[in-house]
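Rule-based calculations on the coordinates, nothing more; no lab input. Predicted model, so just to flag it, every value in this text is computed and none were measured. When we count neighbours, we look across all protein chains shown, and the Cβ atoms used for this are built from the backbone with ideal geometry, even at glycine.
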Amino acid sequence: MQIDEELFNEVLAEQRAKEGRNPQRDTYRTRVEQAYDVLIEKAKREETIYYGELMDEIGTGRGYIGSVLGGVSRLELKQGRPALSALVLQKATDHPGDGFCENLLADFGLWEPGEDRDAAWEREVQRVYEEWDDR
């Protein structure tokens, strides 16, 4: 996936501004690109993936995957496309992590507090599938 350099720099700065996060540019970019590749393939096949499976595929750990997924989806949302991280689920619940709606969709005006979380997530999954259909 070709990542727009200006948007990447913006997202990297946003991630670095979050408490407890300081992703290193080259490593972060590599992991974001790897996650993009995996998630685009899942989107084209209308599939989901568990966090652990994605971490294994891109070679990162639990403490870094949220930042990587945030980067992927923020890049997509800033370009008017849906959040690819909607496809990444917790194995125990078959749903995304709590931050998906509260931190990501809410930041982009795609979820209002009080709206059913599952409905917002399912809507975003469908948007992802539609975006990558026939590509």
- How many residues are hydrophobic (A, V, I, L, M, F, W, C) and over 16 Å from the mean Cα position of the chain (by Cα) if we restrict to region 99-135? 1
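Restricting attention to region 76-104, which residues are of a type outside the set (S, T, N, Q) and over 22 Å from Arg31 (Cβ atoms)? Outline the logic, then answer.
Within region 76-104, the subset of a type outside the set (S, T, N, Q) is 76-78, 80-84, 86-89, 91-92, 94-102, 104.
If the condition is that a residue be of a type outside the set (S, T, N, Q) and over 22 Å from Arg31 (Cβ atoms), then Gly80, Ala92, Asp94, His95, Cys101, Glu102 are the ones that fit.
Could you tell me whether Glu41 is farther than 16 Å from Glu131 by Cβ and free of Cβ contacts under 8 Å to residues at least 12 places away in the same chain? Can you show your working first?
Values: farther than 16 Å from Glu131 by Cβ: no; free of Cβ contacts under 8 Å to residues at least 12 places away in the same chain: yes.
Here the answer is no, as Glu41 does not meet what is asked.
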- Residue by residue through region 54-91, note down the ones that are assigned to a helix (DSSP H, G or I), touching a strand residue (DSSP E or B) at 6+ places or on another chain (Cβ under 9 Å) and charged (D, E, K, R). Glu57
- Query: Which of the residues that make up region 49-85 are surrounded by fewer than 19 Cβ atoms within 10 Å (Cβ to Cβ) and basic (Lys, Arg)?
  - Reply: Arg62, Lys78, Arg81
